1. Quick one: if you take sqrt(5λ) for each eigenvalue of the C-alpha gyration tensor of the protein assembly as shown, what semi-axes come out, biggest first, whole angstrom?
2. Would you kindly calculate the mean projected area, averaged across all directions, of the convex hull enclosing the Cα atoms of chain A, in square nanometres?
3. Using a/c under 1.5 as the rounded threshold, could you call the range B:209-268 rounded, prolate or oblate? The axes a ≥ b ≥ c are square roots of the C-alpha gyration tensor eigenvalues, and prolate needs a/b larger than b/c, oblate otherwise.
4. Among DSSP beta bridges whose residues both lie in the protein assembly as shown, state the antiparallel percentage, nearest 5.
5. Which shape class applies to the range B:249-357: rounded if a/c is under 1.5, otherwise prolate when a/b exceeds b/c and oblate if not, where a ≥ b ≥ c are the square roots of the Cα gyration tensor eigenvalues?
6. Quick check on my link table: of A:Lys96/A:Lys119; A:Lys6/A:Lys206; A:Lys63/A:Lys156; A:Lys37/A:Lys206; A:Lys113/B:Lys25; B:Lys114/B:Lys159, which ones sit more than 31 Å apart, alpha carbon to alpha carbon?
7. Treat the count of other C-beta atoms within 10 Å as a stand-in for reagent exposure and order B:Phe127, B:Phe42 from fewest to most.
8. Under a cut-off of 17 Å between alpha-carbon atoms, report the aspartates and glutamates in cross-link reach of B:Lys109, not counting same-chain residues fewer than 8 places apart.
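Where a number appears in this text, it was derived from the coordinates with a stated rule and is not lab data. Given the structure is predicted, the values throughout are model-derived calculations rather than measurements. Please note: Cβ atoms are built from the backbone with ideal geometry, for glycine as well, and neighbour counts cover all protein chains shown.
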Amino acid sequence: MSKQKKYTREQRGTVGRIESDNPRMTCRNVNVYYGDKHAIIDVSIDVGRNEVIAMIGPSGCGKSTFLRCLNRMNDTIPTCRVTGDIFLDDTDIYEKNIDVVPLRAQVGMVFQKPNPFPKSIYDNIAYGPRIHGLVGNRQEEDEIVETSLKKAGLWKEVQDRLNQPGTSLSGGQQQRLCIARTIAVSPEVILMDEPCSALDPIATAKIEELIDELREHYTIAIVTHSMQQAARVSQRTAYFHLGDLIEVGETKKIFTNPQHTLTEDYITGRFG
Amino acid sequence: MNNTEPEQTDAAQPESPRTIDIVNKGLAKRYGREKRFKMYGFFAVAISLSFLALLFLTIFSNGYSAFYQTYVKLEVFFDPADIDVDDPANSNFPGLVKKTLRSEFPDVKKRKEKKKLYSLVSSGAAFQLQRMIEQQPELVGSTMTIEVPADDDVDMFMKGNISRDVPENERRISDRQLDWIDKWLKEGRIAKRFNTTFFTSGDSREPELAGILGALTGSIFTLALTLLLSFPVGVAAAMYLEEFAPRNRWIDLVEVNINNLAAVPSIVFGLLGLAVFINFFHLPRSAPLVGGLVLTLMTLPVIIIASRASLQSVPPSIREAALGVGASKVQTVLHHVLPLALPGMLTGTIIGIARALGETAPLLMIGMVAFIVDIPKGFTDPATALPVQIFLWADSPERGFVERTSAAIIVLLVLLVVINSLAVILRNRFERRW
Ligand SMILES: Nc1ncnc2c1ncn2[C@@H]1O[C@H](COP(=O)(O)OP(=O)(O)OP(=O)(O)O)[C@@H](O)[C@H]1O
Ligand SMILES: [Mg+2]
């Protein structure tokens, strides 16, 4: 690779192929403002079907902000304003008369900070299926709770304390509980904001396994600070920098041959 | 982190002092400040507690004697000549009491003296006899020993509030009356008993017959209505304003006005109630119905403000979690936010209700200050409330009402303590912090 091919630090247009062959979500010219602060600047990107896309970048660059646009979680922040188009399949999710309830049932989210309900472990998992009417009786509910907890690798630790409060778990356990809570609703797109930041290597491996497994049926967007994790679980990677989407591409390519100098700096550890 | 490292840097730069030395040097000052702060807090608590103790002490020492009442045993012959069994209400029971007293002291002949003699027992004695005959007509013709309440002056004398040493013309009991009382005392026919009348009857012109049940019932009716209206309305309003209302100028205006309402003097609410509920809607005057409505208006802003504060204190991450799994706004609020906010809402409500319980001024405006003997049976019956009753009694010159004022205050305070403990219990029950 020759130095001339690289994009310099000053260039802020997105490098790489933003389109996906089989897109599940399509984002075009997305801008996000917190009051006067321009947190996401003109970002366009596709999230492919049955694909894991990793979003990386230095702290505060807007990864969480962008992820939260994908299921309109930013609606809850009064100062936040989103412009541009985001499509889930063929529907514009930011259209006026879109109902966010089915949208969020379809696009689930695991938050950066674990936020279990102040209810029992069981109720934490069963709540989503219950409100959406996915379960008819107690037996089905038990089943969903068990499989979800098993998938999140938490079943063994909590199987005989399901009635204890979810907040009594350790930080890492809480995060896995939140993952289990999200997958209990079987969303088609799962947004994960640093799901493994509080987990030990064994639990992390378990979650990565789960992500791999889920990919067969679901679409996953994951924010992570671990380059290794991004390399392990994702097919495509997007690098954000101070609100700009700098580079998108196949994960292998990004990590072996980044086009943009900023991406290269970040990956090789010269930044962040 | 380990001990060797700082020492190495120390050795390299001996002139820069170690953090631990600086910390140690400032430590004494820091702890001193802490100690002083603790002392301030302790004094503040001690002062407020001692004032509270003083309040309780004075009220209790003034009021406890009202829980006792002097009774006189009389030998009553239910003379069939005086009593019409079929119509006891029109029989001359006061005359029967007088006759009984005359037969006790046959030597009393002068009109003036007779009057003095009659005034030793309460006018309630006649009613007591009448009630006995109404319930047991077969008593007519028999002779019974009956305890009747003594007059409040006799009661005061027995409680030591009237002294023998004072010259006769400055005393509410004459020397002659003292002789009669002494005779009764010697025969053991005067006794102090627990004053059930105080808890079982309404207001009266005679202190020995006056009770707080009427005012208490009025207060309970009024507060029940206040609670019933203000809690659901207040919580609903707070929930709407906090969770659902669009952020615009109208809502800001509403907010400002709610805060203003909370600061409006209560008597203004009374005037409002008089103008709106009584003069415009023609609801009955002096009724707990109107009192409850007025106190609701007064309590609502307090409940709304407290409820909003407790809604705001629910961490936003809980809302996000619920919305994130696809709960609707209403589900999020009802399933997750409200249960967490409820303890705070309850506390606010009970504080508001406790304030309403002690409120007098607005009730004066809507006529709940009338002299009402009957115990109210419903929301539209004329009634007073406890604090109004205290106000009325405090205005009466009789010594018997002075002690009853304090006794009523004791009852009011006990009620307040009960309500507040209820608040604590409820809060602890709901506040299952997971
Ligand atoms: N609620 C908010 N109000 C105002 N500004 C916000 C808000 N949330 C985030 N920001 C700002 O938006 C920018 C992007 O924040 P974001 O949380 O998306 O960063 P991030 O990439 O997820 O960082 P990290 O890796 O540390 O989680 C930051 O500069 C942050 O200060
Ligand atoms: Mg983040």
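1. 81, 30, 23
2. Taking a quarter of the hull surface, the average projection is 14.8 nm².
3. Cα axes put the range B:209-268 in the oblate bin.
4. Of all bridge pairs located within the protein assembly as shown, approximately 65 percent are antiparallel.
5. prolate
6. Numbers: A:Lys96/A:Lys119 34 Å; A:Lys6/A:Lys206 37 Å; A:Lys63/A:Lys156 33 Å; A:Lys37/A:Lys206 38 Å; A:Lys113/B:Lys25 40 Å; B:Lys114/B:Lys159 24 Å.
Exceeds cut-off: A:Lys96/A:Lys119; A:Lys6/A:Lys206; A:Lys63/A:Lys156; A:Lys37/A:Lys206; A:Lys113/B:Lys25.
7. On the way: B:Phe127 15, B:Phe42 10.
Listing B:Phe127, B:Phe42 from fewest to most nearby Cβ atoms yields B:Phe42, B:Phe127.
8. Correct list for B:Lys109: B:Asp175, B:Asp179.
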